[in-house]
1. Just to be sure, is residue 42 of a type outside the set (Lys, Arg), modelled with pLDDT of 95 or more and buried (at least 17 other Cβ atoms within 10 Å of the Cβ)?
2. How many residues does region 1-27 hold that are closer than 15 Å to residue 66 by Cα, of a type in the set (A, V, I, L, M) and either part of a loop (DSSP other than H, G, I, E, B) or at pLDDT 95 or above (or both)?
3. Here is a check on your reading of the model: is residue 53 surrounded by 13 or more Cβ atoms within 10 Å (Cβ to Cβ), touching a Cys at 6+ places or on another chain (Cβ under 9 Å), part of a helix (DSSP H, G or I) and at pLDDT 90 or above?
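The values are calculated or read from the model by the stated rules, or taken from the named source; none is laboratory data. Small disclaimer: the values here were computed from a predicted structure and weren't measured. Note: ideal-geometry Cβ built from the backbone for every residue, glycine included; neighbour counts use all protein chains shown.
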Amino acid sequence: MGPSGPISLGDLPPSCTAYWVSRRKAEVLAAIDGGLLEASDACARYRLSVEELAAWRRAVDRAGVPGLRITKLRTARSAVRR
């Protein structure tokens, strides 16, 4: 199940995706969780590092799909720097 219902490989973001909104990140994570895509395949397909994918996982585990927003990450980083 993706963030908006059942997903298939055809529902996943294109491999040339450069701008990642929270919904697209959630779809990739849901595909991995559902066994539709292996984490290593997702990294290769979307040119992601293992660390970046792990950061998405931590963000969604902490705050759900809204936690995947880049604004949240920027806010958290600026709070740590202060």
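1. Details: of a type outside the set (Lys, Arg): yes; modelled with pLDDT of 95 or more: yes; buried (at least 17 other Cβ atoms within 10 Å of the Cβ): yes.
It is true that residue 42 is of a type outside the set (Lys, Arg), modelled with pLDDT of 95 or more and buried (at least 17 other Cβ atoms within 10 Å of the Cβ).
2. Looking only at region 1-27, we keep the residues that are closer than 15 Å to residue 66 by Cα, and these are 2-4, 20-27.
Next, only the ones that are of a type in the set (A, V, I, L, M) stay: 21, 26.
With either part of a loop (DSSP other than H, G, I, E, B) or at pLDDT 95 or above (or both) added as a condition, the list becomes 21.
Number satisfying all stated conditions: 1.
3. On the way: surrounded by 13 or more Cβ atoms within 10 Å (Cβ to Cβ): yes; touching a Cys at 6+ places or on another chain (Cβ under 9 Å): yes; part of a helix (DSSP H, G or I): yes; at pLDDT 90 or above: yes.
Yes.
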